[in-house]
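All remarks here apply to the structure that follows.
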Amino acid sequence: MFQNKISLKPYNTFGINVYADSFVSISALPKLKKIISKNKNVFILSGGSNILFTKNIAQPVVHINLKGKDILKNSNKTDFVFVKAQAGENWHEFVLWCIDNNFGGLENLSLIPGNVGTSPMQNIGAYGVEVKDCFYELEALEIETGKIKTFKKDECKFGYRDSVFKNIYKGKYIIINVTFQLSTSKHQHNTSYGAIQKALDDKQIEKPTIKDISNVVIAIRQSKLPDPKKIGNSGSFFKNPVIPILQFNKLKKEYSNIPHYPISDKLVKVPAGWLVEQCGFKGKRFGDAGVHKNQALVLVNYGNATGEEIFNLAQKILKSVNNKFGIDLEIEVNVL
Ligand code: EPU
């Protein structure tokens with residue numbers, strides 16, 4: 001049952017030491033339903049990989065620790081399989097398990113911190129693949145009614161780091177499991193992202209397996225991104241902004257090397273990491289709060305930073321990027 005005054009430091013990848021007035025970790029659905037029936041005003045915590053705590057949490061904290069993976073029967077088709085994973089499964093371990101079973105589709109998403117249950121919330125993505133590409137459906141507990149509802153892909157309204165669970169349904173549902181549709185043969189490799197193809201070429205791998213791709217993605221991430229077990233962080237702190245092409249053309253006159261990706265004939269995406277680096281923040285440290293030395297998009301906690309210190313640094317960066325480029329960056333991490 002609930003424990004009092006529990007530190008949430010082990011439960012958030014930023015490693016921020018805030019306290020929950022009361023805390024319970026749930027590993028069985030009936031228990032979760034019971035708690036929700038008695039208390040609607042709970043704070044749901046999953047992998048804690050996309051959250052910045054700036055204060056103690058007075059609401060009862062419910063940690064979702066539902067475990068289990070099931071291969072669902074699929075008698076008609078032979079080239080794909082449905083796999084249902086419970087929300088509390090660690091994302092990277094799940095991806096590796098899929099690869100070991102020769103289930104393809106998630107290999108580009110190797111080593112992303114967090115749990116299966118929160119992967120659809122922000123539609124996690126990396127190296128040309130997003131969770132939505134393999135997503136089939138999910139089940140979620142409606143907090144108000146205690147009913148379980150199934151959400152098909154189109155109902156989730158996936159966007160860039162976005163879904164209904166970050167918007168209209170924020171705080172209304174608890175995702176309890178996710179079903180993915182994965183290939184069992186004729187895997188569709190996505191190696192178009194430059195660094196992946198280069199790493200495969202360097203290793204002289206012409207016909208990569210899903211394991212080869214996973215290994216390459218792991219190596220790229222390890223070279224650029226800090227391991228949250230060693231240095232607290234929440235991955236990309238900001239979203240990559242999308243700006244009108246007219247604004248982009250003006251910037252390009254001044255900064256001819258500005259990296260960019262066309263989104264449509266009117267819009268261009270610019271890497272936030274580049275903007276932050278141009279403002280001189282890359283590798284900077286203010287007490288225990290800092291900007292990672294290899295990827296300016298990632299804010300880090302060197303040990304004992306408070307959430308407020310990280311947030312203040314983020315505010316400084318937002319201001320600076322706005323002053324220099326006239327672009328308002330959007331924070332990707334949930335700040336509490
Ligand atoms: N760049 C810089 N300086 C930096 C960082 C990046 O100039 O400090 C430039 C790079 O040179 C490159 C461009 O920005 O031209 C893009 O960099 P990168 O390929 O590292 O990707 P990103 O846009 O910074 C996004 C995701 C990452 C994901 C990578 C790979 C967002 C907010 N971030 O980063 O996601 O791993 O692409 O697909 O979309 C995460 O969400 O936690 C995350 C790490």
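Counting the residues of the range 120-131 that are of a type outside the set (A, V, I, L, M) and not in a loop (DSSP other than H, G, I, E, B) gives 2. In the set (1) at pLDDT below 90; (2) under 30 Å from GLY287 (Cα atoms); (3) hydrophobic (A, V, I, L, M, F, W, C), the condition left unmet by PHE237 is number (1).
For beta carbons closer than 6 Å, sequence separation of 6+ or different chains, a first residue in the range 4-32 that is over 29 Å from LYS147 (Cα atoms) and a second that is charged (D, E, K, R), the qualifying pairs are GLY15/LYS9; ASN17/LYS9; TYR19/LYS5. Please indicate, with yes or no, whether at least one residue in the range 97-110 is assigned by TED's automatic domain parsing to the domain that holds PRO208, under 16 Å from the mean Cα position of the chain (by Cα) and open to solvent by 10 Å² or more (accessible area, probe 1.4 Å). There is no residue in the range 97-110 that is assigned by TED's automatic domain parsing to the domain that holds PRO208, under 16 Å from the mean Cα position of the chain (by Cα) and open to solvent by 10 Å² or more (accessible area, probe 1.4 Å). Filtering the range 118-149 to residues that are among the charged types (D, E, K, R) and more than 16 Å from LYS170 (Cα to Cα) leaves GLU130, LYS132, ASP133, GLU137, LYS147. Picking from residues in the range 239-257 that are among the polar types (S, T, N, Q) and near the ligand (Cβ under 10 Å from one of its atoms), the one that is nearest to the chain's Cα centre (by Cα) is ASN240.
If TRP97 passes every condition in (1) touching a Cys at 6+ places or on another chain (Cβ under 8 Å); (2) farther than 22 Å from ASN334 by Cα; (3) away from the ligand (no atom under 16 Å from the Cβ) but one, which one does it miss? So the condition that TRP97 fails would be (1).
Entry remark, the range 258-302: residues being assigned to a strand (DSSP E or B), within 12 Å of the ligand (Cβ to nearest atom) and open to solvent by 40 Å² or more (accessible area, probe 1.4 Å) number 1 in total.
Residue-level check: of (1) more than 20 Å from ASN12 (Cβ to Cβ); (2) open to solvent by 40 Å² or more (accessible area, probe 1.4 Å), ALA85 misses just (2). Here SER236 meets each of (1) within 21 Å of PHE14 (Cβ to Cβ); (2) touching a Lys or Arg at 6+ places or on another chain (Cβ under 9 Å); (3) of a type outside the set (A, V, I, L, M); (4) more than 9 Å from the ligand (Cβ to nearest atom) with one exception, condition (4). Looking at SER234, is it within 15 Å of SER110 (Cβ to Cβ) and not basic (Lys, Arg)? Considered against the rule, which asks whether it is within 15 Å of SER110 (Cβ to Cβ) and not basic (Lys, Arg), SER234 comes out as no. Tally time: how many residues in the range 303-336 are more than 16 Å from the ligand (Cβ to nearest atom), open to solvent by less than 80 Å² (accessible area, probe 1.4 Å) and not small (Gly, Ala, Ser)? Final tally of qualifying residues: 5. Quick one: would you say ALA85 is in contact with a Lys or Arg (Cβ under 9 Å, 6 or more places away or on another chain) and either modelled with pLDDT of 95 or more or under 22 Å from THR184 (Cα atoms) (or both)? Yes, satisfied.
The values are calculated or read from the model by the stated rules, or taken from the named source; none is laboratory data. Computed from a predicted structure; not experimentally measured. So basically every Cβ, Gly included, is an ideal-geometry build from the backbone, and we count neighbours across all protein chains shown. Calculation scope for accessible area: heavy atoms of the full protein, side chains included, ligands and nucleic acids excluded. Shrake-Rupley method; radii C 1.70, N 1.55, O 1.52, S 1.80 Å.
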